[in-house]
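The values are calculated or read from the model by the stated rules, or taken from the named source; none is laboratory data. All of these numbers come straight from a predicted model, not from anything done at the bench. In this analysis, Cβ positions are derived from the backbone assuming ideal geometry, glycine residues included, and neighbour counts consider all displayed protein chains. Ligands, DNA and RNA are excluded from the accessible area calculation, which covers all protein heavy atoms including side chains. Shrake-Rupley method; radii C 1.70, N 1.55, O 1.52, S 1.80 Å.
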Amino acid sequence: MNVITDLGSLSFRTRLVLAAAATVVLVQIVGALVDIYSGYVRLSAEMDATGELLVNQTASTISWPLWDFDDTLVKEVLESLLQIKDFAGVAIVSVGGETDVELLSDATSTSETLRIYAKPIVIQDGNATETLGTLKITMSTSGLWTALWRVALHKTLLVVAILGMASVALYLVLGRLSKPLEDLRKAVYAIEREEFNLPVPGRDRTDEIGALANALDGLREREAELAMLRRANNEKSQREGKRVQQALQSTRDAVVIVDEVNTIVFTNGSAECHFPGFRIGAELIERRSTKRSRADEIRSALLSRKEVDMEITLEQKGIIRHFQARTGPIVDSSGNDLGGLFLASDFTEQFEHSREASYLASHDPLTGLLNRRQMDAALAKWVEDASQPIGVMLIDLDHFKTINDTFGHQHGDTVLIRVGQEFRDLSLSDDLVVRLGGDEFAIITRGPNSERHLNWIASSAIDALKTPVQLHERAIKVSISVGIATSETAGWNVQALMRHADLALYEAKEGGRGRAENYKDALSATHERRRTMEESFRTALDTDCIFPVFQAQTAIDDGSVVGFEILARWHDPDLGLINPAEFIPLAENADMIEPLTRRILTDACETALEWRSLGFQHRIAVNLSPKLFDGIIFNLVKECLSLTECPPEMIELEITESVLLSNSSAVKKEIDDLRAIGLNIALDDFGTGYSSLDYLRRFPVDKIKIDRAFVRHIASSEQSRAIVTAISQLGHSLGMKVTGEGAETQEDRIALKGCGVDVIQGFVDGQPALKSEAEQMFLTGPTQKKAVS
């Protein structure tokens with residue numbers, strides 16, 4: 001009671017100081033006790049963590065040496081632990097409970113408080129786990145208590161110092177500051193609570209309290225502005241965050257983000273679909289396995305924080321998808337690690353397009369065979385290798401244009417596929433089967449038996465294709481011409497090898513098609529002659545070396561001349577007289593048939609017009625090549641007639657059945673147009689090739705010329721006479737004249753007359769004659785003609 005009375009008599013400042021001092025002492029004592037206890041808890045936890053870490057790491061480290069009976073390494077590891085502070089000892093206890101190894105620190109007293117940490121020593125091999133024993137580590141707590149005493153002493157000294165200074169300070173200033181400071185404290189709390197509308201008291205004072213009050217008021221205003229800016233920035237940041245998150249969710253690329261401790265914090269819909277193993281909140285742990293999966297590779301790349309590019313192929317529900325993926329680090333402006341990023345773009349469509357483009361770059365899209373580009377590359381490589389002989393086989397389909405024009409390109413493509421498959425079936429796995437383009441194929445092989453192997457393929461293919469290709473209800477007969485050459489004759493030269501094969505192919509075509517020909521040295525000479533002939537023929541077209549002759553067509557009854565067929569002849573100064581059977585195909589293949597036809601047709605028109613003034617009232621026939629029926633024949637004939645002013649009724653145009661086999665609608669229009677201006681149309685060589693009565697119905701002509709193959713034996717063959725009689729009756733029933741070609745004897749004339757033929761043409765009336773001699777023939781009769789050699 002006296003104490004309370006005595007305290008009440010003290011001044012407010014003294015009482016406040018005493019109260020404050022008592023409070024400080026109490027707070028500091030309590031704080032010191034809390035700190036000491038917290039220190040004890042923290043140091044004890046650190047010791048336990050260290051002990052657990054040491055025992056775990058040491059158990060893991062010595063497991064394999066212990067398994068391998070490497071006692072030296074085990075002892076070295078255990079002895080290294082003795083260097084650790086507060087380390088008291090270590091022991092290895094076997095599975096049976098016996099102590100195998102025990103080491104004690106020299107600095108450890110038996111009176112000290114010790115803590116023991118134990119860990120089983122296990123070894124894992126695949127899926128099997130085996131326990132080798134138990135590792136026990138002993139730690140001394142003496143260092144812990146020493147540290148706690150230091151903390152207690154420090155806190156005690158700090159309490160004394162704070163108490164002394166606080167007492168003096170409080171005693172000096174509390175008298176003036178207690179009330180204003182309390183007001184300012186309240187103002188500070190108001191600012192802290194962001195109550196910026198409350199004014200700061202004491203701003204009218206002129207002392208430090210007033211200055212502090214004004215400063216605090218300025219702080220209040222600035223904090224009010226900053227708070228407003230913070231709210232605006234927070235709203236903007238939230239909008240930006242939502243925008244970025246929405247963008248990442250909307251992208252088709254798979255996105256996975258991990259934070260700095262390798263926990264997945266973001267995955268978008270694409271990542272969840274294609275990479276379901278990566279889930280938000282899951283820890284990114286690298287799995288080590290004998291055969292690493294793509295997921296493990298991604299984890300490894302993310303953990304390494306390196307930029308890694310990779311291609312990933314996934315199969316999901318039977319569908320294979322291809323991804324172009326990348327991992328990389330996420331860092332701030334200072335380079336600090338903020339996590340890792342995984343991006344994966346689905347490029348399956350581009351991959352398939354690339355694979356298809358690669359396939360099309362080396363294969364023919366129709367047949368699936370290799371193309372010319374791939375063949376050239378492979379052939380060049382083989383020639384460069386030069387380790388084995390190389391064989392080349394070039395193949396052309398005979399009359400393929402006719403098949404295309406007659407049956408349509410769709411059926412033509414079916415034929416190409418069938419032929420390509422035939423070559424593939426007959427070839428060996430190492431052979432290169434190539435479609436060069438159009439109806440051209442090639443087979444390339446190598447080895448000591450290349451030529452024999454290719455000859456076998458050629459023979460087998462020719463025999464196999466004798467069976468017509470069945471297309472719906474139509475059967476198409478297909479034949480091929482084949483040329484074969486080897487590096488043994490051409491040397492290791494690609495150009496020479498292909499040229500030799502091409503020469504052999506040309507020889508096969510010239511020999512009748514539907515056959516194979518091997519290259520021989522003589523073919524080069526033939527080719528050289530052909531090249532020389534081609535050059536000479538181009539020159540001859542502008543000279544008198546090309547000249548016309550006329551073969552008479554006579555009436556079957558009295559032998560009178562009823563017309564002529566104009567024929568081209570070529571006499572070269574160096575090569576001599578060249579057979580038309582040689583230079584006509586040359587002109588067709590070298591694109592010179594049009595100028596040759598123009599030349600002969602013009603001669604026919606001029607001659608007909610000249611002979612008309614002499615009383616010749618018949619026609620001069622001109623042979624037309626099938627190659628002219630490509631949209632140019634009508635204008636060509638019309639130009640010649642216009643240029644010479646020859647009446648169309650004096651000209652007869654002879655076409656072959658192969659013309660009718662081409663584009664039927666276009667050819668029919670051209671024939672109709674020619675007949676419409678007054679020209680006669682004769683069907684030459686009737687009865688051979690693709691003869692069909694349907695042609696006579698669809699392509700009405702004025703005359704049928706029976707092929708010499710039926711006339712040659714007509715005098716001695718009843719079969720030939722029966723065929724000619726049938727053709728004559730057919731022609732007459734359709735209102736057509738019938739001419740028999742190739743009559744050589746009077747017996748042939750008599751036989752043809754008996755068959756009902758109207759006109760004959762052949763050596764029975766003499767060989768083709770020059771213009772002047774032919775003129776005399778129709779003026780004086782066929783017996784006056786002279787032969788032209």
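Quick one: would you say L436 is surrounded by fewer than 21 Cβ atoms within 10 Å (Cβ to Cβ) and closer than 17 Å to Q374 by Cα? When the stated conditions are applied, L436 passes them. Against the criterion of being among the small types (G, A, S), at pLDDT 70 or above and over 59 Å from the mean Cα position of the chain (by Cα), A282 does not qualify. Being in a loop (DSSP other than H, G, I, E, B), open to solvent by 30 Å² or more (accessible area, probe 1.4 Å), more than 23 Å from K509 (Cβ to Cβ) and in contact (Cβ under 8 Å) with a residue 12 or more places away in the chain is the filter here; which residues of the stretch 439-461 pass it? Answer for the stretch 439-461, where residues must be in a loop (DSSP other than H, G, I, E, B), open to solvent by 30 Å² or more (accessible area, probe 1.4 Å), more than 23 Å from K509 (Cβ to Cβ) and in contact (Cβ under 8 Å) with a residue 12 or more places away in the chain: just P448. Considered as a group, the residues in the stretch 116-140 that are surrounded by fewer than 17 Cβ atoms within 10 Å (Cβ to Cβ) and hydroxyl-bearing (S, T, Y) include one that is nearest to M47 (Cα to Cα), and that residue is T131. Restricting the stretch 763-772 to residues that are touching a residue at least 60 places away in the same chain (Cβ under 8 Å) and touching a helix residue (DSSP H, G or I) at 6+ places or on another chain (Cβ under 9 Å) leaves a set whose member that is surrounded by the fewest Cβ atoms within 10 Å (Cβ to Cβ) is K771. Only residues that are open to solvent by 70 Å² or more (accessible area, probe 1.4 Å), farther than 20 Å from E225 by Cα and part of a loop (DSSP other than H, G, I, E, B) were counted in the stretch 185-214, giving 4. Residue pairs whose Cβ atoms lie under 7 Å apart, separated by 6 or more positions or on different chains, with the first residue in the stretch 462-491 and within 30 Å of W382 (Cβ to Cβ) and the second outside any loop (DSSP other than H, G, I, E, B) and of a type in the set (S, T, N, Q), are I484/N455; I484/N518; T486/S450. When the stretch 525-557 is filtered for residues that are of a type in the set (S, T, Y), open to solvent by 20 Å² or more (accessible area, probe 1.4 Å) and assigned to a strand (DSSP E or B), nothing remains. Of I706, I714, all but one fail to be open to solvent by less than 20 Å² (accessible area, probe 1.4 Å) and either closer than 15 Å to A552 by Cβ or within 60 Å of the chain's Cα centre (by Cα) (or both); the exception is I706. Within the stretch 424-432, is even one residue basic (K, R), at pLDDT 90 or above and open to solvent by 40 Å² or more (accessible area, probe 1.4 Å)? Checked against the condition, which is being basic (K, R), at pLDDT 90 or above and open to solvent by 40 Å² or more (accessible area, probe 1.4 Å), the stretch 424-432 yields at least one hit. Would you point out the residue of the stretch 476-508, among those that are of a type outside the set (A, V, I, L, M, F, W, C) and open to solvent by 60 Å² or more (accessible area, probe 1.4 Å), that is nearest to V419 (Cα to Cα)? Top of the filtered list is K477.
Give me a count of the residues in the stretch 67-94 that are acidic (D, E) and part of a helix (DSSP H, G or I). Of the residues in that region, 3 qualify. S560 falls short on exactly one of the conditions (1) surrounded by fewer than 21 Cβ atoms within 10 Å (Cβ to Cβ); (2) closer than 30 Å to L454 by Cα, and that condition is (2). Among the numbered criteria (1) farther than 30 Å from Q124 by Cα; (2) at pLDDT below 80, which single criterion is violated by G277? Result: G277 passes all but (1).
Pairing residues of the stretch 313-338 that are assigned to a strand (DSSP E or B) and loosely packed, with under 13 Cβ neighbours inside 10 Å with residues that are among the basic types (K, R) and at pLDDT below 80, at Cβ distances under 9 Å and at least 6 apart in sequence or on separate chains, gives T313/R294.
Only one of the listed residues (E582, E652, E606) is part of a helix (DSSP H, G or I) and at pLDDT 85 or above. That residue is E606.
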